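What follows is a short report on a single structure.
The values are calculated or read from the model by the stated rules, or taken from the named source; none is laboratory data. These figures come from a predicted structure and were not determined experimentally. Note: ideal-geometry Cβ built from the backbone for every residue, glycine included; neighbour counts use all protein chains shown.
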Amino acid sequence: MLRYLTAGESHGPALTAVVEGIPAGLELTADFINRQLARRQKGYGRGGRMKIETDQADILSGVRGGKTLGSPVTLQIKNHDWQNWSQIMASGEADLQSRRVSVPRPGHGDLAGHIKYGHDDLRNILERASARETAARVAACTVGRRLIEHFGMEIHSHVIQIGSIKAQPASLQEIIDRAPQSELFCADPEAEALMKQEIDQAREQGDSLGGIFEIIVCHVPVGLGSHVHWDRKLDGRLAAALMSIQAIKGVEIGLGFTAATLPGSQVHDEIFAGKDGFIRSSNHAGGLEAGMTNGQNLVLRAAMKPIATLYNPLRSINLESGQQAEAAVERSDICAVPAAAVVGEAVTAFEMAVAFMEKFGGDSISEIEQRF
């Protein structure tokens with residue numbers, strides 16, 4: 001079984017991840033993980049926290065001499081901002097009054113967490129509900145990414161909409177060439193310029209913006225996932241992985257919701273005989289049919305809502321006084337869609353690694369290579 005856990009609070013001393021089930025003999029370095037962590041911190045519209053943190057993962061176990069041992073891989077990312085929060089967030093005697101939060105933010109987990117867990121300080125909820133957790137998730141899932149890349153798969157992403165601005169469709173090669181060079185990971189330069197203007201306007205108004213990103217996985221083997229049980233269908237598992245990212249409110253595969261508006265003759269991908277097997281003239285299914293990969297590229301999209309922390313805060317209730325109040329303001333981004341795309345790549349890669357191990361799994365890379 002391939003799985004991971006993360007732990008840590010946004011302003012705690014560190015974030016930690018443990019990855020279990022990685023086979024022995026996989027080449028893995030901290031530099032490979034840190035390149036993905038650096039990508040997560042980029043993006044036009046990010047907030048002040050990105051100026052404080054320079055995320056670096058330390059590998060504490062499971063790797064020796066640059067190769068995995070087959071034992072759990074432990075990763076740690078230290079929070080540089082901890083020096084300013086060591087008294088407030090201490091696990092022992094702590095300053096429980098400073099930076100106390102009693103007014104929940106609409107759209108965040110503050111109020112539901114208060115009711116569920118009974119905390120009278122909403123900081124006990126927001127610290128873990130924060131998207132800071134995704135740094136640990138990117139680190140953990142990048143170990144899975146290393147596994148699928150070893151077996152030839154590639155994963156790419158690009159931002160296709162921010163606010164009301166939509167990018168023009170781009171070819172895979174344009175996405176590969178242009179998106180990494182863009183501050184918004186957008187393959188359409190004209191749309192990127194308009195997106196930046198909309199982000200600047202939101203910043204001036206104390207508002208925030210969401211958007212949509214697309215993930216493409218290339219060179220996918222046929223038959224990952226299964227049709228036989230609901231919890232083995234790969235489309236469902238990928239959707240769950242993407243929906244688990246903070247602020248993601250919708251997921252599409254292939255044509256997605258557009259498929260509901262078209263007749264079947266314009267939705268399903270016709271099958272032809274090619275030199276080396278079956279071919280398709282389209283990929284409306286997004287590489288998945290009946291919960292299984294069909295050999296085409298996986299195409300996934302996720303919709304991110306605007307971030308809940310607004311510098312021009314919405315109305316809420318002070319839980320101590322019961323009076324109307326403005327929502328709490330924590331340091332936050334104006335727009336984090338590009339960062340969410342990197343997180344989306346990571347969780348998609350890990351779920352693909354899980355499915356790959358189910359089909360070709362073994363205890364060592366050499367054993368899996370023979371089966372593959």
**Message:** Pull out all pairs, ordered by first then second residue, where Cβ-Cβ is under 7 Å, the residues are six or more apart or on different chains, the first lies in region 320-338 and is over 30 Å from LYS196 (Cβ atoms), and the second is surrounded by 14 or more Cβ atoms within 10 Å (Cβ to Cβ).
**Reply:** GLU320/SER102; GLN324/ILE317; ALA325/VAL103; ALA325/SER316; ALA325/ILE317; ALA325/ASN318
**Prompt:** Which of the following residues is at pLDDT 95 or above and within 21 Å of ARG35 (Cβ to Cβ): ILE59, ILE88, ILE52?
**Reply:** ILE59
**Request:** Scan (1) more than 30 Å from ILE365 (Cα to Cα); (2) in contact with an Asp or Glu (Cβ under 7 Å, 6 or more places away or on another chain) for the single condition ILE77 breaks and write down its number.
**Result:** (1)
**Message:** Please go through region 57-89 and give me each residue that is within 21 Å of GLU330 (Cα to Cα) and over 25 Å from the mean Cα position of the chain (by Cα), ordered by number.
**Reply:** GLN83, ASN84, TRP85, SER86, GLN87, ILE88, MET89
**Item:** Test result for GLY250, at pLDDT 95 or above, surrounded by 10 or more Cβ atoms within 10 Å (Cβ to Cβ) and small (Gly, Ala, Ser)
**Value:** yes
**For LEU15: the one exception among (1) in contact (Cβ under 8 Å) with a residue 24 or more places away in the chain; (2) in a loop (DSSP other than H, G, I, E, B)** = (2)
**Message:** Give me the residue from region 268-311 that is closer than 15 Å to ASP235 by Cβ and among the hydrophobic types (A, V, I, L, M, F, W, C) and, out of that set, surrounded by the most Cβ atoms within 10 Å (Cβ to Cβ).
**Reply:** ALA302
**Fill in**
Every listed condition ((1) in contact with a helix residue (DSSP H, G or I) (Cβ under 8 Å, 6 or more places away or on another chain); (2) closer than 30 Å to ARG35 by Cβ) holds for GLY291 save (2)
**Prompt:** Within the group ASN124, ASN84, which residue is surrounded by 15 or more Cβ atoms within 10 Å (Cβ to Cβ), over 30 Å from SER364 (Cβ atoms) and among the polar types (S, T, N, Q)?
**Reply:** ASN124
**Item:** Top-ranked residue of region 157-196 - restricted to ones that are touching a residue at least 24 places away in the same chain (Cβ under 8 Å) and surrounded by fewer than 19 Cβ atoms within 10 Å (Cβ to Cβ), ranked as nearest to the chain's Cα centre (by Cα)
**Value:** GLU183
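Tell me the residue from VAL159, VAL143 that is more than 29 Å from SER282 (Cα to Cα), of a type outside the set (Lys, Arg) and modelled with pLDDT of 95 or more, please.
Details: VAL159 fails: more than 29 Å from SER282 (Cα to Cα).
Within the list VAL159, VAL143, the selection yields VAL143.
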**Request:** Output the number of the condition that HIS219 fails; it satisfies all remaining conditions of (1) surrounded by fewer than 17 Cβ atoms within 10 Å (Cβ to Cβ); (2) within 30 Å of GLU127 (Cα to Cα).
**Result:** (2)
**Message:** Just to verify a result, which residue in region 18-39, among those that are outside any loop (DSSP other than H, G, I, E, B) and in contact with a Pro (Cβ under 9 Å, 6 or more places away or on another chain), is surrounded by the most Cβ atoms within 10 Å (Cβ to Cβ)?
**Reply:** VAL19
